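Worksheet for the structure shown next.
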Amino acid sequence: MERFVLWGKYCENAIEKRTPFREEHLDRLSNLKKQGLLITLGPTKCTRYVFGIFQVSNLDELRKIIQDDVYWREGIWISYDIYPWTQAF
């Protein structure tokens, strides 16, 4: 398994727009965490960006995880970058 950093951007007024999808999103994240695929994920304090660390088999698996998320499908997350990550300590 490899580790990757996700750095993405939220849409304008994401806090309000995410409300109808939040429970589905959080339930899915909880399942990903239980499976050991998600290490951490959350918004920056300004709520303009999302940051996450995942442990998955490859980049394609992570892209699928992100694009299957209701926040991506409903336009709450509007862009993202993924970086392979090596944990130093």
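The values are calculated or read from the model by the stated rules, or taken from the named source; none is laboratory data. If you're wondering where the values come from, they're calculated on a predicted model, not measured in any experiment. When we count neighbours, we look across all protein chains shown, and the Cβ atoms used for this are built from the backbone with ideal geometry, even at glycine. Remember, those area values only see protein heavy atoms, side chains included, never the ligands or the DNA or RNA. Shrake-Rupley method; radii C 1.70, N 1.55, O 1.52, S 1.80 Å.
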Please state the charge dipole magnitude for the chain, taken about the Cα centre, from unit charges on C-beta atoms (+1 on K and R, -1 on D and E), reported in debye and rounded to the nearest 20. 220 debye
Could you give the Stokes-Einstein D for the chain in µm² per second, using the C-alpha Kirkwood radius, 37 °C, 0.692 mPa s? 248 µm²/s
Could you name the aspartates and glutamates whose alpha carbon sits less than 15 Å from that of Lys9, not counting residues in the same chain fewer than 8 places away? Asp69, Glu74, Asp81
Test of the criteria: in region 18-89, which trypsin sites (Lys or Arg not before Pro) are in a DSSP loop and have at most 13 other Cβ atoms within 10 angstrom of their Cβ? Lys45, Arg48
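How much area per residue is accessible in region 21-70 when the probe is 1.4 Å and only protein heavy atoms are counted (Å²)? Could the numbers behind the result be given before it?
Working: 2930 Å² over 50 residues.
I get 59 Å² per residue for region 21-70.
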At R0 = 35 Å the Cβ-Cβ FRET efficiency linking Lys17 and Ser57, nearest 0.05, sits at 0.65
Accessible area of the chain with a 1.4 Å probe: how many percent of it is carbon plus sulfur? 51 percent
Placing each pseudo-label 7 Å from Cα in the direction of the beta carbon, Phe89 and Asp27 end up separated by a distance in nanometres of 4.3 nm
Reachable lysines from Lys34, criterion Cα separation under 21 angstrom, eight or more residues apart if same chain: Lys64
Of Gln87, Ile66, Val5, whose Cα points farthest to the positive end of the dipole of the chain (charges on the beta-carbon: +1 Lys, Arg; -1 Asp, Glu; origin at the Cα centre)? Gln87
D_trans [Stokes-Einstein, Kirkwood Rh over alpha-carbon pairs] for region 34-81, 4 °C, 1.567 mPa s, µm² s⁻¹: 112 µm²/s
Taking 0.36 nm per residue of separation between Ser79 and Cys46 and subtracting their Cα-Cα distance, the length gained on full extension comes to 10.2 nm
